[in-house]
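Working notes, beginning with the structure itself.
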Amino acid sequence: MTEGRLGMTSVMEGPDLLGVITDGDIRRAIESAEREGRNPLGLQAGQIMSRTPATIDDEALALEAAGTMEARKITFLMVERQGRTAGLIHIHDLLAAKVL
């Protein structure tokens, strides 16, 4: 997450997307664990991740991606091709392409 500078990472099992973990997911998990007196370092990815990340089809227009991000107040979408995860698009990608 730090190296990629995206504020998120995907959780995969082979080619299958299981979920995503965002900076916010980690922050909330740490706060919750500390409130409950548990060590947050013992948490597993499956306990933290969002299991239903926002997705968009790889054939969708960039404007649609921007609209979805704006409506959901998020900064990335997982991109799917024929029902499989093909990558992700970040708001910075749209800005760099001058879509916004």
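The values are calculated or read from the model by the stated rules, or taken from the named source; none is laboratory data. Just so it is clear, the structure is predicted and the values come from calculations on it, not from any experiment. Note that we place each Cβ from the backbone using ideal geometry, even for glycine, and neighbour counts take in every protein chain shown.
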Practice task
Identify, from the list Leu63, Leu94, the residue that is buried (at least 16 other Cβ atoms within 10 Å of the Cβ) and either in contact with a helix residue (DSSP H, G or I) (Cβ under 6 Å, 6 or more places away or on another chain) or farther than 13 Å from Val20 by Cβ (or both).
Solution key: Leu94
Exercise for the section: Note down all Cβ pairs under 8 Å where the first residue falls in segment 57-72 and is assigned by TED's automatic domain parsing to the domain that holds Arg84 and at negative phi, the second is surrounded by 14 or more Cβ atoms within 10 Å (Cβ to Cβ) and assigned to a helix (DSSP H, G or I), and they're at least six residues apart or on different chains. Expected result: Ala62/Leu94; Ala65/Leu94; Ala66/Ile91; Ala66/Leu94; Met69/Ile91; Met69/Leu94
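Counting residues that are at pLDDT 95 or above, within 13 Å of Gly87 (Cα to Cα) and out of contact with any Gly (no Cβ under 9 Å at 6 or more places or on another chain), which strands (runs of 3 or more DSSP E) fully inside segment 1-72 reach at least 2? Talk me through it step by step, then tell me what you get.
Values: elements: 8-13, 16-22, 55-57.
In segment 1-72, 55-57 are the strands (runs of 3 or more DSSP E) which contain 2 or more residues that are at pLDDT 95 or above, within 13 Å of Gly87 (Cα to Cα) and out of contact with any Gly (no Cβ under 9 Å at 6 or more places or on another chain).
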Problem - Residues located in segment 12-55, provided they are touching a Leu at 6+ places or on another chain (Cβ under 9 Å), exposed (fewer than 15 other Cβ atoms within 10 Å of the Cβ) and under 19 Å from Phe76 (Cβ atoms) - result: Met12, Ala45, Arg51
